[in-house]
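What follows draws every value from the coordinates through simple rules; no lab data is involved. Computed from a prediction, not measured in an experiment: that's the story for all the values here. Heads up, the Cβs are rebuilt from the backbone with ideal geometry, glycines too, and the neighbour counts pull from every protein chain shown.
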């Protein structure tokens, strides 16, 4: 019996040592997984908070653009309601000036620099997207940034067309010709309406996306 105990003693010692090693490995792996999961959650939260802030800023800018474009929209309505020869000079001067009421009919600017997508670009290349469980929110974010890009491209295109007519009007004036209704073709074409529509619609879609952030615990 004693001899049997002496034989089993190294085996039991080996089993104990092995169990300690295995337990240590399990704890190490478990701790690593837990730390990794916590880091992933922190990354998700940080990225989504940044996205949320960027969308809020874009929504404010599109709201501002909607308001800023009301003046040329009103000018378009004024031209549609009045004959070229009967336009009031003071009224034309008002619509030609860029002031607190909005941009004048000769004002040209690039809109693409006004709207930001940096946070979304970082999210796309971070690898964090596949870890986001709220797919409805993720799809909504994609939609919001897609419409931001489309709106920016369209607004830039409209301003380029506006710039072309500004050049034509200035050439006529330089030649000593009379321009009864400045920027007439551009404003009666319906483009001012489209510019406002794109700005307002994009703001609304962004705000719909922002409302979905309230339903996820990641950003709370």
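Using a 10 Å cut-off on Cβ atoms, rank the peptides 84-92, 55-63, 118-126, 149-157 from the highest mean neighbour count down.
55-63, 149-157, 118-126, 84-92
So between residue 85 and residue 133, what do we pick up on full extension, going 0.36 nm a residue minus the alpha carbon distance?
Contour length minus the Cα-Cα distance gives 11.0 nm.
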